[in-house]
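Below is one structure, written out as C-alpha cells; comments come after it.
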Amino acid sequence: MSAAPRLSLAIPVYNEREVLPELLSRVRGALDKVPGGPHEIVLVDDGSSDGTVEMLEAAAREDPRIVAVCLSRNFGHQMALTAAFDHVTGDVVVAMDGDLQDPPEVIPQLLAKHAEGYDVVYVRRGQRQESWRLRLAYALFYRLVAALSDLRLPLDSGDFALLSRRVVDAMRQAPERQRYLRGLRTWAGFRQTGITVDRPARHAGRSKYTPLKLLKLAADGIFAFSIYPLRLALVLGAVAIAASLVYAVYAVVGRFLFDTTPQGFTTLVVAIIFSSGVQLVLLGVVGEYVGRIYEEVKGRPHYIVGKIVRGK
Ligand code: UDP
Ligand code: MG
C-alpha cells in the first residue's frame, strides 16, 4: 500500500440543486488537504429534474477532478451509488451522501484508519437530527436486520464509509439487483472497523427518501441477507399443527370419558379466520422471495448511463 493512495469520492445526487454549490466547495476543500493524488470526485446524477444535471456538467467541465455520470432516469440511491462504484478509479473510495449529512471533513479520519491497515472504515451514526419517530425507526431497523442476518452487520452505520479498491471490486462482483450496499460491504470481508460521527441535518432541501423508498430499503436489507422469514413460516406452521393435535386429543378424551363436546361457534369462526390469515401472510412471505427471484432472473442492467462528463 502506497503512503498516499489516490482517493475517489462516490456521491449520488438526486434533485440537490440547493445543496450542490456548498457540497462541491466543501468536498473540494476537503480533498485539497489530502496528500497524494490526483484525487477524483465521481458524482452520479440519479435522473434529477431540477437543474442539478446542468450544474454538475458545468462543474465537471471546469474541474478536472470532477466526473459527472448522468443516469437516464431515477434508479434510486443504491443503484446510483452502484453506478458510482463502477466509475471510480482510485485506490480508495469514500462513499457519501450528497446532502452534506456525511461531512467531508471526516475524510482524513477515515484515511488515518485506512493507513492502519483497514480495508473498510464505516461511520457509525452518533447523534442524529431527525424526528424521534424516525430515529426510533432507524434504531429498530438496524437491530432487526442485524438480528435476522447471518452476517455480523454493524449497527447504526449507513453507506458513508471508506472502502479499499479490493472491497469495491468484491462488491461489484455481486450481480444482485436488490442491492443493500452496506450489507454487501460487510459481506466483502477483509479488515473492517468503524468510527463514530454525529450526523448533522441535511444542508438544504428535503429528504429524497420517501417513506415507501425507506421501506423498500428495509425490505432489501432483510430479504437480501436472511431467509429467516421463510423459516418462521415453517416454525409457525409446526406450532399450529402441534396446537391442533393437543386440542384434538382433549376433544376426543372429553367425548369418550366425560361425554362432553366442546362448544362454540364464535371460537370456530375466529380460529378459521385466524389460521387463514396466518396462511395468507406466510404465502406473502414466500411470494416476496419468489418476486425477488423473478427480478433477479430477468438479469436487466442495474442502471442506464445517459452521459458521462469529465473535466479536461
Ligand atoms: N438519492 C439518490 N436517488 C434517490 C434518492 C436519494 O441518488 O432516489 C441521493 C440523495 O440525493 C442524497 C442521498 O441519496 O445524496 C441520500 O438521500 P437523502 O438525503 O434524501 O436520504 P436521507 O438522508 O433522508 O435518508
Ligand atoms: Mg440525507
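Throughout, read-outs are computed from the coordinates displayed, never taken from laboratory work. Computed from a predicted model, the values in this text were never measured in an experiment. Cβ coordinates were reconstructed from backbone atoms using ideal geometry, including for glycine residues, and neighbour counts include every protein chain displayed.
Scoring 148-160, 74-86 by mean Cβ neighbours within 10 Å over their residues and listing the highest first yields 74-86, 148-160. Across the options Leu24, Ala137, Leu151, the greatest Cα extent toward the positive end of the charge dipole of the chain (unit charges at beta carbon of Lys, Arg, Asp, Glu) belongs to Leu151.
What does the charge count around Glu105 come to, taking other residues whose C-beta lies under 11 Å from its C-beta (Lys +1, Arg +1, Asp -1, Glu -1)? Spell out each step's value before the answer.
Details: positive: Arg26, Lys33; negative: Asp102.
Charge balance in the 11 Å sphere: +1.
To the nearest ten degrees, helix 52-62 and the longest principal axis of the Cα atoms of the chain are 30 degrees apart.
Computed from Cα positions, the angle between helix 228-257 and the longest principal axis of the chain comes to roughly 10 degrees.
Among 88-99, 239-250, the peptide with the highest mean count of other Cβ atoms within 10 Å heads the list, and the full ranking is 88-99, 239-250.
Legend: calculated FRET efficiency, Ser131 to Thr261, from the Cβ-Cβ distance at R0 = 51 Å, rounded to 0.05, equals 0.40. A cut-off under 15 angstrom between Cβ atoms defines the neighbours of Thr193, and their net charge, with Lys, Arg +1 and Asp, Glu -1, is +3.
Placing +1 on the Cβ of every Lys and Arg and -1 on the Cβ of every Asp and Glu, with nothing else charged, gives the range 90-198 a dipole about its Cα centre of roughly 360 debye. Which angle from 0 to 90°, rounded to the nearest 10, does the C-alpha axis of helix 132-148 make with the longest principal axis of the chain? With both axes taken from Cα atoms, the answer is about 70 degrees.
In a reduced charge model with +1 at each Lys and Arg Cβ and -1 at each Asp and Glu Cβ, the range 14-85 shows a dipole moment near 220 debye about its Cα centre. Packing order of peptides 57-66, 207-216, highest average first: 57-66, 207-216 (average count of other Cβ atoms within 10 Å over each peptide's residues). Between Leu217, Tyr289, Met79, the Cα set farthest toward the positive side of the dipole of the chain (charges on each charged residue's Cβ, about the Cα centre) is that of Tyr289. Amide H contacts under 5 Å for Leu9: Glu40, Ile41, Val42, Val94, restricted to partners 5 or more places along the chain or on a different chain, H placed in the peptide plane at 1.01 Å from N. Please report, in debye to the nearest 20, how large the charge dipole of the chain is about its Cα centre when each Lys and Arg carries +1 at its beta carbon and each Asp and Glu carries -1 there. So the magnitude is around 280 debye. Give the lysines whose C-alpha is closer than 26 Å to that of Lys298, dropping any in the same chain fewer than 8 places away, or say none. Leaving aside lysines fewer than 8 places away in the same chain, those within reach of Lys298 are Lys213, Lys216, Lys307.
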